[in-house]
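As structure tokens, the structure follows; a few thoughts come after it.
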Amino acid sequence: MLRDIVKQCAERGTVYAFKPPARLTLPTICFIPGFRSDFVTSKKSLTVYDYAVDRGLGFLSWNHADGSVHDWYQDSVSFIQTHTRGLSYLVGASCGLWISLLVAKQIPVKGILGIGGSVNFTERWLMNELSEEQRDMNYIWRRPSPYDPKGYYDIPVSFLLESRRALITDYSDIQCERIIMIHGVHDIDASLECAKQISNQLGKRALLYQVDQGDHRLSSKKDLCFLREKLHELVSNE
């Protein structure tokens, strides 16, 4: 089981899990979770893990430590380079897609699967949801959220400002020729329109699948079956 291989990284205190592939010639699938998500309890992560195990592929995932999206991207590159050989597949949930694309700017990857993907969302929050007075480095923004028991996330504006180093404005240097995106039509956290814009920026190498009854989490039984189907489509030549 996934929980059985969970460890803690000494350097950053980050929780991670790695299961090597059955053969060294086989690739690893890296699951990159979204904003304040836990891969250990994520249904999407478990679906990816089960698929990797079934096919003898490697599996790698980690939780994001403190810091900005730029820090998360650098951590991701470090985990991938430390634990994998050759080219890997990246599965990015929510802002995990953003991080996957940043990783692919630095190192080549075999393929990317985005699930309810969002790019540059920190800048949209900063410019569209905060007043000029609130855009202060020391301000803590209570952003309403149905995913937290309190009903909101405490988000330091410093996190939003420091994440500007990770903004993607140029998609031409992403070293990945096969990208699949699945996105819920009823996603109110990362709009379908934003997903279409990302797909257009990526060009012909990207395929966008719309999930008619899907929300942002895409974690229903039907959604997870579709996720597994598209993951197989991405890696079926292995």
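The values are calculated or read from the model by the stated rules, or taken from the named source; none is laboratory data. Predicted model only: the values in this text are computed from it and were never measured. Note: ideal-geometry Cβ built from the backbone for every residue, glycine included; neighbour counts use all protein chains shown.
Things worth noting here:
- A single member of 224, 202 is under 19 Å from residue 89 (Cβ atoms), surrounded by 17 or more Cβ atoms within 10 Å (Cβ to Cβ) and either out of contact with any strand residue (DSSP E or B) (no Cβ under 8 Å at 6 or more places or on another chain) or not assigned by TED's automatic domain parsing to the domain that holds residue 47 (or both), and it is 224.
Residue-by-condition table, conditions (1) within 13 Å of residue 32 (Cβ to Cβ); (2) surrounded by 15 or more Cβ atoms within 10 Å (Cβ to Cβ); (3) modelled with pLDDT of 95 or more:
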{"residue": "72", "(1), (2), (3)": "yes, yes, yes"}
{"residue": "75", "(1), (2), (3)": "yes, yes, yes"}
{"residue": "81", "(1), (2), (3)": "no, no, yes"}
{"residue": "85", "(1), (2), (3)": "no, no, no"}
{"residue": "88", "(1), (2), (3)": "yes, yes, yes"}
{"residue": "95", "(1), (2), (3)": "yes, yes, yes"}
{"residue": "101", "(1), (2), (3)": "yes, yes, yes"}
{"residue": "104", "(1), (2), (3)": "yes, yes, yes"}
{"residue": "116", "(1), (2), (3)": "yes, yes, yes"}
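- Test result for residue 174, among the β-branched types (Val, Ile, Thr), touching a strand residue (DSSP E or B) at 6+ places or on another chain (Cβ under 6 Å) and buried (at least 17 other Cβ atoms within 10 Å of the Cβ): no
- Flag for residue 66 being modelled with pLDDT of 95 or more and surrounded by fewer than 16 Cβ atoms within 10 Å (Cβ to Cβ): no
- Number of the exception - residue 122 against (1) within 25 Å of residue 27 (Cβ to Cβ); (2) in contact (Cβ under 8 Å) with a residue 40 or more places away in the chain; (3) β-branched (Val, Ile, Thr): (1)
- Taking (1) part of a helix (DSSP H, G or I); (2) among the acidic types (Asp, Glu); (3) within 17 Å of the chain's Cα centre (by Cα) in turn, residue 215 satisfies each apart from (1).
- Scanning region 205-221 for residues that are over 13 Å from residue 116 (Cβ atoms) and either crowded, with 17+ Cβ neighbours inside 10 Å or in contact (Cβ under 8 Å) with a residue 24 or more places away in the chain (or both) turns up 205, 206, 207, 212, 213.
- Members of region 177-199 found to be under 19 Å from residue 103 (Cα atoms), β-branched (Val, Ile, Thr) and surrounded by fewer than 22 Cβ atoms within 10 Å (Cβ to Cβ), listed by number: 180
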